[in-house]
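Here's the structure we're looking at; comments come further down.
Read-outs: derived from the displayed coordinates by stated rules, not from any lab. Keep in mind that what you see is a predicted model, and the values were worked out from it rather than measured. No Cβ is skipped: glycine too gets one built from the backbone with ideal geometry, and neighbour counts run over all protein chains shown.
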Amino acid sequence: MALFKLENVEDLYEIGEVLGSGHFGQVREVLERATGTRWAGKFLKLRKSASSRLGLERKNVEREVEILQSLQHCNIMALKDVFESRSEVVLIVELISGGELFDFIAAKESLTESEAIEFIEQILHGVEYMHSKRIAHFDLKPENIMLSDKLVPHPHIKIIDFGLAQHLTQGEEYRSLCGTPQYIAPEVINYEALSEGTDMWSIGVITYILLSGISPFQGDTDEETLRNILAMNYEFDDYHFSQTTAMAKDFIQKLLVKDQNERMTAEESLLHPWIKPLNRKQAASRCRSSINMKNFKKFNARRKWKMSYNMVSACNRLCHLQLLCKASAKANEELRQCESDQEDTESKPASLLRRRLSSSS
Ligand code: AMP
């Protein structure tokens, strides 16, 4: 079981500015008093009682901590220490100061496919490593892909937020309805057993967006998005993909496969010729092709806008979308748990959706 220190975190760390907000609390910059080293502190509110809907259950924090403790990879955020008080747990993690990958790219004038591949390859290395330990992230999306330092010539990817990650065990099935509509795989919507392949779908979606600036399954509503995913309703239209290589499209097509067992694994993806060209011709075509920057900038601006105005969790949205007709009683219970995600940040919409949930269950 994960060991949490009972000392007061403030005795050892000076708490600094807020870096971001997650489902159950804030992430702040912290300064280690003994060494003067800067870290990030993830402050997670604990659920006070079993009946409370506020905060995280301790067992879920333990799971996130245990997963982070077992992952040591240059493309995955490192965990240093964990402190526990009566009401919260503080994870001291490596400070990732380069911001989100998508913001970094959106600030550029242009980007070739080969430059984009440098980032996708690093994501794949991190994911291949975690999958080799049978850990799946289950929430891969642009917000969770950051850069350690954006000022260096070849910025380093860091995957963050293991709040939904799971250790998959042989012989045990894991199902979940959590995730973000745009990035979730069909098996999530269908409440089927998930696998490492579920992450690979999300990488397919992220790559699609990165190259075109449009989201493959995006509908006018979340319900439409989920229906598009189930119907595998996506295409590489000429307008948005005019500058994209056939190899890139093939890479995406091998990830956006409905049957999770038929999707490329992280290991296979790293060997795909788009990532690892077999000859000079393939390598050269990647340098000539570029990403659709005008559209990408628009996508990112919209994404940031949505992030600040729509803090209601995806689970909440999944709840009130009656699409989840297949969800069992256990699924509904799980949805209720996910539902508390945004309680303290957006009490109004959350409570509204909760009412809708209870009236539909
Ligand atoms: P999380 O709850 O892990 O999703 O984190 C919420 C937000 O805090 C993220 O979207 C980031 O903007 C920021 N953040 C998380 N971890 C770090 C970190 N290690 N260093 C810097 N910022 C972070």
### Task
Pop a pseudo-label 7 angstrom from the Cα along the beta-carbon direction at both ASP237 and SER52 and give the gap in nm to one decimal.
4.8 nm
### Theoretical FRET efficiency, 1/(1+(r/R0)^6), r = Cβ-Cβ of THR35 and LEU6, R0 25 Å, to 0.05
0.70
### Summary
Once amide hydrogens are built 1.01 Å from N within the peptide plane, the residues lying 5 or more places from VAL82 or on another chain with amide H under 5 Å from its amide H are LYS5, ILE92
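Would you please classify the overall shape of segment 127-262 from the alpha carbon gyration tensor, given that a ≥ b ≥ c denote the square roots of the eigenvalues, rounded means a/c under 1.5, and beyond that prolate means a/b larger than b/c while oblate covers the rest?
On the way: a/c = 1.69, a/b = 1.10, b/c = 1.53.
It comes out oblate by the Cα gyration axes.
Could you put LYS298, LYS42 in order, starting from the residue whose Cβ has the fewest other Cβ atoms within 10 Å? Walk me through the numbers before you get to the answer.
Details: LYS298 14, LYS42 28.
Ascending Cβ contact count within 10 Å gives the list LYS298, LYS42.
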### Task
Tell me which residues come under 5 Å, amide H to amide H, from TYR13 once H is placed; ignore anything under 5 positions away on its chain.
ARG33
#### Entry: Distance between modelled label sites at SER87 and LYS298, nm, 7 Å Cα→Cβ extension
4.6 nm
### Message
With the crude spin-label approximation of a point 7 Å out along Cα→Cβ, what separation in nm comes out for LEU151 versus LEU270?
### Response
3.1 nm
### segment 148-206-segment 278-297 distance, computed between alpha-carbon centres (Å)
26 Å
### Task
Starting from the Cα of LYS276, draw a straight line to each of the aspartates and glutamates and keep only those under 20 Å, dropping any in the same chain fewer than 8 residues away.
GLU113, GLU115, GLU118, GLU121, GLU128, ASP250, GLU267, GLU268
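Determine the dipole magnitude for segment 9-93: charges of +1 sit on the beta-carbon of Lys and Arg, -1 on that of Asp and Glu, nothing else is charged, the reference point is the Cα centre, and the result goes in debye to the nearest 20.
Numbers: 13 positive and 13 negative charges, 82 e Å.
About 400 debye.
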### Summary
Ordered by number, the trypsin sites (Lys or Arg not before Pro) in segment 67-167 that occupy a DSSP loop and have at most 16 other Cβ atoms within 10 Å are ARG86, LYS108, LYS133, ARG134, LYS150
### Query
So what J values fall out for segment 246-259 if you push phi through Karplus, 6.51 cos²θ - 1.76 cosθ + 1.60 with θ = phi - 60°, rounded to Hz, Gly and Pro as x?
5, 5, 5, 5, 5, 4, 5, 4, 7, 9, 7, 10, 4, 7
### Message
Relative contact order of segment 1-114, please, whole-number percent, based on alpha carbon pairs below 8 angstrom and at least 6 residues apart.
### Response
25 percent
### Message
Going through the cross-link list LYS80/LYS297; LYS5/LYS158; LYS5/LYS133; LYS80/LYS150, which pairs have a Cα-Cα distance over 28 Å in this structure?
### Response
LYS80/LYS297
